[in-house]
Amino acid sequence: MFEIVIISGKGGTGKTTVAASIAVLEKDNSVIADCDVDAANMHLLLKPDRSKKEKYFSGKTAVIHANNCTACGKCAEVCEFDAVLVKDGIYSIDPFFCEGCGYCARVCPDNAIEMLDADSGYLFESVTRIGSPMAHARLHPAADNSGKLVAEVKNRAKRMAAESAKEYIIVDGAPGIGCPVISSLAGASYVILVTEPSTAALHDLKRLVALLQKFKLKAGCLINKAELHPEMVQQIIQYLEKEKIDLLGILPFDQAFPDAIAAAKAVVETNEHMKKLMASIWENTKSKLKAV
Amino acid sequence: MHINLKVRPMDKNRTYRIAVASGKGGTGKTLVATNLADMWSVDRELLLVDLDVEEPNDALFLSVVPEPAQTQFKMIPEWNSDRCTLCDICTEVCNFNAIARMGEYIIVFEELCHSCYACSGLCPTDALPMKPRRMGELQIAKREQFYFIEGRLDIGQEQAVPMIRKVIQTVDKRQDIPDLQLFDCPPGTSCPVVNAVHTADLVILVTEPTAFGLNDLQLAVETMRSMNKEMGVVINRDGIGDDAVQRWCDASGIEVIATIPYDSQLAYAYAKGKLSWKTNSRLREALEEIIAYVSEKMKTHV
């Protein structure tokens, strides 16, 4: 089983478009994991049926029971997250700021603070419209995304891949370099970096590459939207050579991509030329992967 | 009655804070924030803060010379074996599984630690004093009426929130920075964004007219509504998709403040790391609409 993680550093470079395309090309032999749980988009293209749904709880949130509270202020004193609010002498917890550490509940002399499970969203196991299994999630707005949910999605994808004897897990990752990304990298066989020739995307790619090097992960890069800044494509290629990152392919800046999204399809289903390009990128990826 | 100075001040009327956010990444937050800040600073003093601490990009577009970077720390408990009686209170109180006992040793997992101080404060023998650990850097720059602060998380650090909070605390504390403040936020709808927009008086959500843009805008709007934030939308790259975003905003009672048409010259300038408000009249018009909208909001802000 190979886990292919698709990330970018900068958002909007085309992660989901690439992941959906690979999922379609490899539909008989892959499971999809949408690990951009904050702003998941894969469901818009692959229409998972959400046949299995579970609630996801992440950590705890404090609640002050006003009846028991004597307004001693000890909770506010110990809270490092400024989550204790006082208005007209009434104490309450701001759930957006509460990290669920429980320090307040432990120091409260009146047992007025209860730690409740934080209902953070849903986990889904699905079959997509292309017939492949998919693990995904829906985080409640403003809920805590500690990377734990990413790990939960990946664990389900792994189990589904084992049960249905699929060779590939296609992981659509989050932007950035923080915990959701680090969590999506755990257990990765190979990382596909999707970038574009822009100053900002290259800056972000470099930070992501430094992160991958910390974890000694093998990676290849796909340069999307090449016509955006053609001179910079060369600069990215040189950078990839220097860092020993495989160049997997180059995709054009083309209206076919937004058109495919508008049609709720992967671009390999709507455009023959893009299908050829993506197929070659995926073949490249597989040969690099198996050489690891 | 006990008066606690650590309780968050509810009164922050001196400043006007605008958060530029989006659910989806890559919709144009940085384009809007940097161009808006640079253009507006011709007329008045303002502060731009780059809170996308995982991937801060604003500085790439700005001709500012930063002051020397300030190292930022978060507090992590450090085990003192001499004082420890192995009572296990610390491992029991830690809700993040960041402390474990291995035989006669206490191990602290730094990346899991949320710096809540519970283990340290509740240790009966003071065997877990909190010690500073580096998490990133903060940079400050100033050019005439334009002030800029950037938070930058060290590579390999998992938690963006402590860094975001540190940057906002710095903005809150400093007396020498302008009242008008623009926060360029991280993408998403979870904890980093919640922390970045929490103190904002107005949120500008930047989106694009695609199904992805609309889906993530809907999530972002839900997030902002749950936090009772006042908000408006800017549609970037108008013309690449359809009018579903505009129609949804109209139907949901959310004002579309401005629309920036897709323009290959604008995309090229952005790719090169250049600001475009001086050369691109369509962008300038959109920014003028944003400034007019915000100025109106500021008048009624008490």
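Among residues of the stretch B:250-269 that are more than 21 Å from residue A:232 (Cα to Cα), those with a beta-carbon under 6 Å from a residue that is of a type in the set (Ser, Thr, Tyr) and buried (at least 17 other Cβ atoms within 10 Å of the Cβ) at least six positions away or on a different chain give the pairs B:257/B:293. The set of residues in the stretch A:207-218 being without any contact (Cβ under 8 Å) to a residue 60 or more places away in the chain, in contact with a helix residue (DSSP H, G or I) (Cβ under 8 Å, 6 or more places away or on another chain) and either at the interface with chain B (Cβ under 8 Å from one of its Cβ atoms) or basic (Lys, Arg) (or both) consists of A:211 alone.
Evaluate the stretch A:19-39: report whether one residue or more is surrounded by fewer than 21 Cβ atoms within 10 Å (Cβ to Cβ), at positive phi and out of contact with any helix residue (DSSP H, G or I) (no Cβ under 7 Å at 6 or more places or on another chain). Checked the stretch A:19-39: no residue is surrounded by fewer than 21 Cβ atoms within 10 Å (Cβ to Cβ), at positive phi and out of contact with any helix residue (DSSP H, G or I) (no Cβ under 7 Å at 6 or more places or on another chain).
Can residue B:240 be described as in contact with a Phe, Trp or Tyr (Cβ under 7 Å, 6 or more places away or on another chain), free of Cβ contacts under 8 Å to residues at least 60 places away in the same chain and at negative phi? In short, yes. For the criterion of being of a type in the set (D, E, K, R), away from chain A (no Cβ under 14 Å) and over 24 Å from the mean Cα position of the chain (by Cα), residue B:67 fails. Residue count for the stretch B:197-210, restricted to those that are within 12 Å of chain A (Cβ to nearest Cβ), at pLDDT 95 or above and surrounded by fewer than 22 Cβ atoms within 10 Å (Cβ to Cβ): 0. Here residue A:112 fulfils each of the conditions (1) under 25 Å from residue B:116 (Cα atoms); (2) under 20 Å from the mean Cα position of the chain (by Cα); (3) touching a residue at least 12 places away in the same chain (Cβ under 8 Å) apart from (2). Note on the stretch B:77-97: residues that are free of Cβ contacts under 8 Å to residues at least 40 places away in the same chain and closer than 14 Å to residue B:122 by Cβ amount to 9. Of the numbered criteria (1) within 26 Å of residue A:180 (Cα to Cα); (2) modelled with pLDDT of 95 or more; (3) surrounded by fewer than 18 Cβ atoms within 10 Å (Cβ to Cβ), the one residue B:112 fails is (2). Taken over the stretch A:42-70, the criterion of being surrounded by 13 or more Cβ atoms within 10 Å (Cβ to Cβ) and hydroxyl-bearing (Ser, Thr, Tyr) is satisfied by A:56, A:58, A:61.
Annotation: residue A:83 fulfils all but one of (1) within 20 Å of residue B:115 (Cα to Cα); (2) free of Cβ contacts under 8 Å to residues at least 24 places away in the same chain; (3) touching a Leu at 6+ places or on another chain (Cβ under 8 Å); the unmet one is (3).
Checking each residue in the stretch B:228-257 for being surrounded by fewer than 18 Cβ atoms within 10 Å (Cβ to Cβ), within 11 Å of another protein chain (Cβ to nearest Cβ) and not small (Gly, Ala, Ser) picks out B:228, B:242. Restricted to the stretch A:72-88, and to residues there that are at the interface with chain B (Cβ under 7 Å from one of its Cβ atoms) and assigned to a loop (DSSP other than H, G, I, E, B), the residue that is nearest to residue A:143 (Cα to Cα) is A:82. Checking the structure you have, find out if any residue of the stretch B:85-95 is in a helix (DSSP H, G or I) and closer than 30 Å to residue B:38 by Cα. No; the residues of the stretch B:85-95 include none that is in a helix (DSSP H, G or I) and closer than 30 Å to residue B:38 by Cα. Filtering the stretch B:158-206 to residues that are closer than 30 Å to residue B:237 by Cα and charged (D, E, K, R) leaves B:184, B:201. Considered as a group, the residues in the stretch B:141-196 that are of a type in the set (Lys, Arg) and without any contact (Cβ under 8 Å) to a residue 24 or more places away in the chain include one that is surrounded by the most Cβ atoms within 10 Å (Cβ to Cβ), and that residue is B:174. The set of residues in the stretch A:227-246 being within 11 Å of chain B (Cβ to nearest Cβ) and either among the aliphatic types (A, V, I, L, M) or more than 13 Å from residue A:195 (Cβ to Cβ) (or both) consists of A:227, A:228, A:230, A:231, A:232, A:233. The residues of the stretch A:258-275 that are in a helix (DSSP H, G or I) and either in contact with a helix residue (DSSP H, G or I) (Cβ under 9 Å, 6 or more places away or on another chain) or surrounded by 20 or more Cβ atoms within 10 Å (Cβ to Cβ) (or both), listed by number, are A:258, A:259, A:260, A:261, A:262, A:267, A:268, A:269, A:270, A:273, A:274, A:275.
Yes/no matrix, rows are residues, columns are (1) part of a strand (DSSP E or B); (2) in contact with a helix residue (DSSP H, G or I) (Cβ under 9 Å, 6 or more places away or on another chain); (3) farther than 30 Å from residue B:91 by Cβ; (4) at pLDDT 95 or above:
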{"position": "B:126", "(1), (2), (3), (4)": "no, yes, no, yes"}
{"position": "B:133", "(1), (2), (3), (4)": "yes, yes, no, yes"}
{"position": "B:138", "(1), (2), (3), (4)": "yes, yes, yes, yes"}
{"position": "B:150", "(1), (2), (3), (4)": "yes, yes, yes, yes"}
{"position": "B:166", "(1), (2), (3), (4)": "no, no, no, yes"}
{"position": "B:175", "(1), (2), (3), (4)": "no, no, yes, no"}
{"position": "B:181", "(1), (2), (3), (4)": "yes, yes, yes, yes"}
{"position": "B:188", "(1), (2), (3), (4)": "no, yes, yes, no"}
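Put simply, of A:70, A:17, A:61 the only residue that is of a type in the set (Val, Ile, Thr) and touching a Phe, Trp or Tyr at 6+ places or on another chain (Cβ under 8 Å) is A:17. Which of the residues spanning the stretch A:24-78 are under 18 Å from residue A:161 (Cα atoms) and either among the hydroxyl-bearing types (Ser, Thr, Tyr) or touching a Cys at 6+ places or on another chain (Cβ under 7 Å) (or both)? Matches in the stretch A:24-78: A:30, A:51. If you go through the stretch B:133-166 and pick out every residue that is over 18 Å from residue A:99 (Cβ atoms) and either more than 14 Å from chain A (Cβ to nearest Cβ) or of a type in the set (Phe, Trp, Tyr) (or both), you end up with 13. Taking each residue of the stretch A:50-66 that is on the phi > 0 side of the Ramachandran plot and looking for partners that are crowded, with 20+ Cβ neighbours inside 10 Å and outside any strand (DSSP E or B) with beta-carbon atoms closer than 6 Å, six or more apart or interchain, yields A:59/A:100.
The values are calculated or read from the model by the stated rules, or taken from the named source; none is laboratory data. Everything numeric in this text was worked out from a predicted model, so none of it was measured. Reconstructed Cβ throughout: ideal geometry from the backbone, glycine too, with neighbour counts over all protein chains shown.
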